[in-house]
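One structure is given here, and the rest of the page talks about it.
The values are calculated or read from the model by the stated rules, or taken from the named source; none is laboratory data. Just so it is clear, the structure is predicted and the values come from calculations on it, not from any experiment. Using ideal geometry, Cβ is built from the backbone for each residue, glycine included, and neighbour counts are taken over all protein chains shown. Only protein heavy atoms, including side chains, enter the accessible area calculation; ligands, DNA and RNA are left aside. Shrake-Rupley method; radii C 1.70, N 1.55, O 1.52, S 1.80 Å.
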Amino acid sequence: NALKNIRTGAFYGCKKLTYIPLERCNNLATIMGSAFEDCASLEFVDIPETVTSIGTDAFGKTGVTI
């Protein structure tokens, strides 16, 4: 629950990442640009209501629609 930000490029290019269970991150406020970009297998992300900012291309080149 201490996670507040997911930094730029944090998971960039993680080809086997398919699901991100962020719903447990009650303090998450920001998903920075390109955080999950080019995660080609990514299909689903639970984004908590606490997120107020999602950066450019945070989910670029994935199967996720925001």
Report whether or not T52 is modelled with pLDDT under 95 and not hydrophobic (A, V, I, L, M, F, W, C).
-> no
Taking segment 17-26 on its own, how many of its residues are open to solvent by less than 20 Å² (accessible area, probe 1.4 Å) and more than 13 Å from K4 (Cα to Cα)?
-> 1
Please list, ordered by first then second residue, the pairs with beta carbon atoms under 9 Å, 6 or more apart or interchain, first in segment 6-18 and on the phi > 0 side of the Ramachandran plot, second surrounded by 15 or more Cβ atoms within 10 Å (Cβ to Cβ) and polar (S, T, N, Q).
-> G9/S34
Scan A2, A29, A35 and give me the residue that is modelled with pLDDT under 95 and either surrounded by fewer than 15 Cβ atoms within 10 Å (Cβ to Cβ) or in contact with a strand residue (DSSP E or B) (Cβ under 6 Å, 6 or more places away or on another chain) (or both).
-> A2
Subset of segment 1-42, residues under 20 Å from T65 (Cβ atoms), in a loop (DSSP other than H, G, I, E, B) and among the charged types (D, E, K, R), comes to K15, E37, D38
If we scan segment 43-54, do we find a residue that is of a type outside the set (A, V, I, L, M), part of a loop (DSSP other than H, G, I, E, B) and surrounded by 17 or more Cβ atoms within 10 Å (Cβ to Cβ)?
-> no
